[in-house]
Every structure is written in C-alpha cells, then in structure tokens.
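See below for the structure under consideration.
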Amino acid sequence: MMKATDSKKISFVLYEDEISPRFYEINKNFAKLILFGLPTLTLIVILLLTGVGVYFKQIQTMAERKEPKIIKELKAEKRELIIQNEQMSLERDRLKNKLAKGVENPTGLGFLALFKQSAGRQDLTVSPEMNLEEVEVNSSDTEIDINFKIINRTKDNSRLTGYLYIIMQVGQYIEVWPVNSFDDQTMALSYAKGEYFATSRFRPVKATFKKIRQGQALFKIIVFSRTGDLIFKQLISRPV
C-alpha cells in the first residue's frame, strides 16, 4: 500500500504473510531519479558509446583507403632514388676515367679557353641530348633579356642535368651569365659555377644582361655535364 504523507515524500506500507506490516518513506525526487533518471542516463551513455564507435570506424576506413596511396607514393620515391643512385654511379665512373686521362688541351674548342681546364674533358655536342625552344630576345634602353626552354631529349627519358652558361657579345663588349662566375685568382670560369639545372621534361631559362650599346648580339649557350663534359653549345644572333 502507498500513501502520500508529504508533498516531498512517498510513504509505503509493506504487508507480508505472517509478518507485521512495515512502514517506509522515500524522497519523491529520489524516486523520480530511480524511475526516470537512471534509464535516461543509461540511454545517453549508450548513444555516446555508439557515436564514438561510429567515429573511430570512419577514421579506420579513411586510413585504410589512404594507405594504398601512401604505399604507391613511397614506391615511386624509391624508384626515383634508385635511378638517381644509378646515374651518380655512372657519373662517378666517368669522372674516374677523366682523372686517369689527365688534363686536356683546350685548343680546338675555341670559347672553352675562357674556362678552367678540366681533366679529361670531352666534346659530346655531336649528338646532344637536349635542344632549345621558344627562344626570345627582348631589349630595353638598359637591359637585354634572353628567354628559352631547355628540352630534355635523352633516349631513355632519364633526368637531364648540367651547368648552364650564356656568353653575350655585342661588338667588343662581352658579358657572362650567371654573374660572379669568374674565379678571382685565375680570372677563368669554372664549369661547376654555372646555373645548375635538372629536368625530366623542360626547364625555362631567363638571363638578363646590361645594354652597353646597340648592334648585333651573339649569345653562346654552353652546357656542361656534372663531370665537366661539354654536352651542348648553340650560337644565337639577334639585333638589340
């Protein structure tokens, strides 16, 4: 039997066989907590756990989808490193052969007299592995710009690397790009101080020179390999 004795309490009388009745009182708010609060709290906890489980499941799925892409990128980087290592080994062997041959006399290579002598230097420009495209020469009152693209023409589509020099001559005036390439002591050019480049397809180049006078400008495009061989040369003439 239940009896309300106070607005804040609920009274109970418990009858059992052969036992005298017992009287109980319970706080009404506590009763509501037991009857409604705990089930509600349990439901909220279940929903939270379900949401957390779904969230981590989505993270796991995204990680599983992304993993093959990462593996593919790592394999591509590994292949690139293997190719670069093979190229470095070949260049090291070539350099050893050059050192064994000694210093070559630059006679017959003309403009190479501007450069320091290099052990075993060879002229490989008969069958170049590159060419120039989109050559443009622009002239203002104070500057002369030459723009072009170095195009990779290697047979096995390997990376083309080298050191680039551009020598401009207008009348008796000569200027070398890149600037500050001359050795202060020998007043000669070192091939390794040229503009270094490495490309699988093409490399855009822009060089700027001072304009001292008007006339016909001659541009000598010179490229050395990483071991000092002459691998490309081209003469370009433009009015400025």
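Key figures for this structure:
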| read-out | value |
| --- | --- |
| Exceeding the 21 Å Cα-Cα cut-off - candidates 193/220; 78/193; 206/233; 57/78; 116/220; 155/233 | 78/193; 57/78 |
| Radius of gyration and maximum dimension Dmax of the range 110-239, Cα, Å | 14.7, 44 |
| Environment charge of residue 206, counting only residues whose C-beta is closer than 12 Å and scoring Lys/Arg +1, Asp/Glu -1 | -3 |
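FYI, it's all coordinate maths here, none of it is from the lab. As the structure is a prediction and not an experimental result, all values here were calculated from the model. Glycine also receives a Cβ, built like all others from the backbone with ideal geometry; neighbour counts cover every protein chain displayed.
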